[in-house]
Amino acid sequence: MVRFDGVWFRYGRRTDWTLREVEASVEPGDTVVVLGRNGAGKSTLLQLAAGVLRPSRGLIKERPPVVGWVPERFPADQPFTAGDYLHRMAALRGVKAGDWIERLLLTEHTGTRLSDLSKGTAQKVGLAQALIARPGLLILDEPWEGLDSVARTLIPEIVAEVTASGGMVLVSDHRGEIDNLPKAIHWQVSDALVARAPAAPPTGEVIIEVKVRRAEAPQAVARLKAEGHQILDVRDVAAPQPHQASSGPGLTITPGASSGREGGAGS
Amino acid sequence: MSALVRMRLAGFLRGGRILAPAIAVLIVLGVIYGGGASPAAVAYGYSAAALFPVLAWQSKLLLDTEPDGQRRLARVAVGGRREALAGVSAATLLALLVCALAMVAPWLFRGIETDKAVVSGVLLGLLAHVLAVPPAVALGALASRAITRGVRNGIAVLVTAVILVVVLGLQGSFAPWLVPPVMATARALNDATPPPAATLAVLIGWAVLWAVVAFGTYARLRRLRT
């Protein structure tokens, strides 16, 4: 568990409070998504949780001994190759870099200097350094920034792994990627206050699965698009599903995954 | 913590930032020993005093090599105290290496008179260099970016402090105890006769006390300025 006990924070004595009176806790197995506009204080909250910043008032209690923090911008201006850096960061924790280099598809970049890496690859190095010691608390500050589609799909997997082993995850997000973390608790940061937000962002949208005849599929897609709807997926249906009112083989226009149906929101 | 010390030393060496202070060390040693031989205690006393600002500058450079973001990552990995201690340890190791070079260099250039009091002179010289290291590292740490937040502030702190060390360290100073005994040690070693044990004890106690206060201030400021 991590507990924010009456935490206040400001960057200088003469500056306004960035965060006021934060009372919150994260339980083992929880994923908390921190929402808020740019400059609201999301990164500050995450850095307080990580122990990078100290509260101006109040305390952060019961932080696990191993914390992994992925900053919003990885500090790539260092005279190390990616592999050397990760081995050194693992040595700081008294562990070995393990399989995270392979899992994050960094093998081919191990000999590249950090300063020569692309933004996305540098971000993956930042992810790897946070994960090498099996963190009890993983803090991800806008982890999707700069990542390619393959790496983006890894984030929910990583979050699930950490929470499944009793760890906690705090992740900030301003791009609406939270649909990939369907069981997450949401905290909203605004006006220097942190409040628990509704379980799903109020997008006002729903997902409808529509089944059409194969020959009419292109026209149906075009018509729906013309009316301003978003097509998430078009998949082939070989046989009618038992619970559906079938009209024979055709194409289903659908989000494609059951989580989309449960989530009840698309964007 | 040793892994972080090694990482910071490696970053400092590989990044090439060591070149400027290394050249400064060579210039200082060249100036001191280029003009002929001196008694060991006298030569080493001047060497320790002249290297003090270079050691402080080198310590600041080493601590500033790492980007702020990486310093925070190291803090998360090993904890705040060990992160700060690792930086100071890396700077101290490098300063001791420079002192070892300064102890050996005059023998390569025949800068030491070998006819009298060589052993006691070398031991006194060793003491002078060792006494200069903790205050120099502490001063470099207090001028580092983690404390001063910016390049200009850091340079201002370093230059002002070095000038004060010299000015307040002059004979007849109104407040010599405000600064580490760098000049006082050089003066004590400049006499024809070795300084008495009581003088050495005062110099050691003075340097240790100054370093304790300076490192304590650094530790407190690091806690406050995360």
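The values are calculated or read from the model by the stated rules, or taken from the named source; none is laboratory data. What you are looking at is a predicted structure, and each value in this text was computed from that prediction instead of being measured. Methodologically, a virtual Cβ is constructed for each residue, glycine included, from the backbone with ideal geometry; neighbour enumeration extends over all protein chains shown. Quick note on the areas: whole protein, heavy atoms, side chains included, nothing else; ligands and nucleic acids left out. Shrake-Rupley method; radii C 1.70, N 1.55, O 1.52, S 1.80 Å.
General remarks:
- One residue stands out in segment B:48-79 among those that are among the polar types (S, T, N, Q) and either open to solvent by 20 Å² or more (accessible area, probe 1.4 Å) or within 14 Å of another protein chain (Cβ to nearest Cβ) (or both): the one that is nearest to the chain's Cα centre (by Cα), namely B:Thr65.
- Count - residues of segment A:131-141 that are out of contact with any Pro (no Cβ under 9 Å at 6 or more places or on another chain) and either among the small types (Gly, Ala, Ser) or away from chain B (no Cβ under 14 Å) (or both): 1
- Annotation: of all residues in segment A:110-160 being among the acidic types (Asp, Glu) and over 13 Å from the mean Cα position of the chain (by Cα), the one that is nearest to A:Glu62 (Cα to Cα) is A:Asp148.
- Of all residues in segment A:1-45, those that are within 25 Å of A:Gly136 (Cβ to Cβ) and either more than 21 Å from the chain's Cα centre (by Cα) or in a strand (DSSP E or B) (or both) total 18.
- Of all residues in segment B:128-175, those that are within 19 Å of B:Val98 (Cβ to Cβ), open to solvent by 60 Å² or more (accessible area, probe 1.4 Å) and either touching a strand residue (DSSP E or B) at 6+ places or on another chain (Cβ under 6 Å) or assigned to a loop (DSSP other than H, G, I, E, B) (or both) total 0.
- Residue in segment B:102-121 that is modelled with the lowest pLDDT, counting only those that are surrounded by fewer than 17 Cβ atoms within 10 Å (Cβ to Cβ) and β-branched (Val, Ile, Thr): B:Thr114
- Unique residue being out of contact with any strand residue (DSSP E or B) (no Cβ under 9 Å at 6 or more places or on another chain) and at the interface with chain A (Cβ under 10 Å from one of its Cβ atoms) when the list is B:Gly15, B:Gly45, B:Gly35: B:Gly15
- Odd one out for A:Gly58 among (1) outside any helix (DSSP H, G or I); (2) crowded, with 17+ Cβ neighbours inside 10 Å; (3) within 10 Å of chain B (Cβ to nearest Cβ): (3)
- For A:Lys42, the conditions (1) within 14 Å of another protein chain (Cβ to nearest Cβ); (2) in contact with a strand residue (DSSP E or B) (Cβ under 7 Å, 6 or more places away or on another chain); (3) surrounded by 18 or more Cβ atoms within 10 Å (Cβ to Cβ); (4) within 24 Å of A:Gly12 (Cα to Cα) are fulfilled apart from (1).
- If you filter segment A:75-101 down to residues that are closer than 21 Å to A:Ile158 by Cα and at the interface with chain B (Cβ under 7 Å from one of its Cβ atoms), you find that the one that is least open to solvent (accessible area, probe 1.4 Å) is A:Met89.
- Within segment A:157-176, not a single residue is basic (Lys, Arg), crowded, with 21+ Cβ neighbours inside 10 Å and either out of contact with any Lys or Arg (no Cβ under 8 Å at 6 or more places or on another chain) or in a helix (DSSP H, G or I) (or both).
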